[in-house]
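Quick notes on the structure that follows.
The values are calculated or read from the model by the stated rules, or taken from the named source; none is laboratory data. Fair warning: this is a prediction, and the values are worked out from it, not measured in the lab. FYI the Cβ positions are ideal-geometry reconstructions off the backbone, even for glycines, and counts take in every protein chain you see.
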Amino acid sequence: MKYYLDDLYAVKDIINNKQVLLSATDTIWSLVCDAMSEKAYAAMQKIKNPINPSDHELMVNSISQLKKYIHDIHPRIETLLLYHEKPLSVYYRPAHFFPGHLKPSAGKLAFRITKDPMLSELIDLLDRPLLTVPAVSKANLIPCSYEDIDEDIIDKCKYIFQTGRHLQQSMQAPVLVSFNQQGDLIFHRE
């Protein structure tokens, strides 16, 4: 098994080398790679194929970083993101310069500002978002604990990034919302 004390600089090197991590996020266990790299996305597809575009989630560490990639953040949503304590993912239309491998047919991607301090620091070191998709579970359920993850997936990942969490800790999928022009929320997952 690949259990190490998490060294953020080593994890940064893995991401920069276009490899895939298995990581405890602030929600569920996920496959994680460089969101802007098509090569990293191809490596992720070798681990989990097919990847449903609706499973894509881009993780940033602040509203200011989110604004680098999104141009239409409604003020109500910005306020919600600032004060919402639990992990919250929001569908947005990304900026025109986003790589093609991240553009789902509906034209929207889920973004989340991570609440996890280690993931936030890693994103800060990288200065770009991370792409996450749920790790495949043994029963095709949401991988809320490490024990839920298929061993084949574990073996194919370069590194297991624990982010300071105990491997047995159970987590939940984030709330997923979008919003209309008035800033009213539409819940896709509660």
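Numbers at a glance
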read-out: Only listed residue being touching a Phe, Trp or Tyr at 6+ places or on another chain (Cβ under 7 Å) and not acidic (Asp, Glu), chosen from 14, 63; value: 14
read-out: Residues that are hydroxyl-bearing (Ser, Thr, Tyr) and under 16 Å from residue 123 (Cβ atoms), drawn from region 49-91; value: 62, 64, 69, 89
read-out: Test: residue 105 is modelled with pLDDT of 80 or more, among the small types (Gly, Ala, Ser) and out of contact with any Leu (no Cβ under 8 Å at 6 or more places or on another chain); value: no
read-out: Enumeration of residues in region 63-88 that are of a type in the set (Ser, Thr, Tyr) and under 11 Å from residue 111 (Cα atoms); value: 69
read-out: Subset of region 118-152 (residues that are of a type in the set (Val, Ile, Thr) and at pLDDT 90 or above); value: 123, 132, 133
read-out: Every pair of residues 6+ apart whose Cβ atoms lie under 9 Å, when the first sits in region 102-128 and is at positive phi while the second is at pLDDT below 90; value: 107/93; 107/94
read-out: Conditions (1) on the phi > 0 side of the Ramachandran plot; (2) touching a His at 6+ places or on another chain (Cβ under 8 Å): number failed by residue 95; value: (1)
read-out: Elements of type strands (runs of 3 or more DSSP E) in region 35-126, at least 3 residues being in contact with a helix residue (DSSP H, G or I) (Cβ under 7 Å, 6 or more places away or on another chain) and surrounded by 19 or more Cβ atoms within 10 Å (Cβ to Cβ); value: 109-113
read-out: Conditions (1) acidic (Asp, Glu); (2) at pLDDT 75 or above; (3) within 24 Å of residue 30 (Cα to Cα); number of the one not met by residue 85; value: (2)
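Table: residues versus (1) β-branched (Val, Ile, Thr); (2) under 30 Å from residue 184 (Cβ atoms); (3) in contact with a Cys (Cβ under 7 Å, 6 or more places away or on another chain).
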residue: 10; (1), (2), (3): no, no, no
residue: 38; (1), (2), (3): no, no, no
residue: 43; (1), (2), (3): no, no, yes
residue: 73; (1), (2), (3): yes, yes, no
